[in-house]
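Structure first, then comments.
The values are calculated or read from the model by the stated rules, or taken from the named source; none is laboratory data. Note that the structure is predicted; figures quoted are calculated from it, not measured. Reconstructed Cβ throughout: ideal geometry from the backbone, glycine too, with neighbour counts over all protein chains shown. Keep in mind that these areas ignore ligands, DNA and RNA; they rest on the heavy atoms of the full protein, side chains included. Shrake-Rupley method; radii C 1.70, N 1.55, O 1.52, S 1.80 Å.
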Amino acid sequence: MDTTIKGVKLLYDEALENNNITLAKAYEKYLKKVDTQENRHQSIIKGFKNNQIQSAFSNGKTFKSLKEYLAYHEKNI
């Protein structure tokens, strides 16, 4: 199964075409969760860049700088 965003969107479209509403709703829920996570990630990056935040809490860790935050998330993608 293709779990990339593009792959999940294709699976979502296919589920809709086949009138599999339950499966389509599951894919939709996943896509919304990923979108929310990406928005939060971008907000943290923007906050650090604009000096609006001094630290960020993510995945049970506190990050004191943008460099530290990005290094952790690049390693864990």
Next item on the list: Report the charge-dipole magnitude of the chain in Debye, nearest 20, computed about the Cα centre from +1 at each Lys and Arg Cβ and -1 at each Asp and Glu Cβ.
Entry: 520 debye
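What's the local net charge at residue 24, with K and R +1, D and E -1, over the other residues with C-beta under 14 Å away?
0
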Checklist line | Derived scalar couplings ³J(HN,Hα) [the range 37-52; Karplus, 6.51 cos²θ - 1.76 cosθ + 1.60; whole Hz; x for Gly, Pro] | finding: 5, 5, 4, 5, 4, 5, 5, 5, 4, 4, x, 5, 4, 8, 6, 8
Check: Put +1 on the Cβ of every Lys and Arg and -1 on every Asp and Glu Cβ in the chain; which of 63, 5, 31 then has its Cα farthest towards the positive end of the dipole?
Finding: 63
Notebook entry, point to check: Which cross-chain or sequence-distant (5 or more) residues have an amide H under 5 Å from the amide H of residue 58, H modelled 1.01 Å from N in plane?
Noted result: 63
Note to self: Can you give me the accessible area per residue for the chain, using a 1.4 Å probe, in Å²?
What the structure shows: 80 Å²
Check: Could you give me the ³J(HN,Hα) list for the range 23-31, computed from phi with Karplus coefficients 6.51, -1.76, 1.60 and θ = phi - 60°, whole Hz, x at Gly and Pro?
Finding: 5, 4, 5, 5, 5, 4, 4, 4, 4
Next item on the list: Could you tell me what fraction of 2.2 N^0.38 Å the Cα radius of gyration of the chain comes to, as a two-decimal ratio?
Entry: 1.44
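Under 8 Å for C-alpha pairs, at least 6 residues apart: give me the relative contact order for the chain, rounded to a whole percent.
Relative contact order comes out at 15 percent.
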Next item on the list: Taking H placed 1.01 Å from N in the peptide plane, check which residues at least 5 places from residue 53 or on another chain put their amide H under 5 Å from its amide H.
Entry: 48
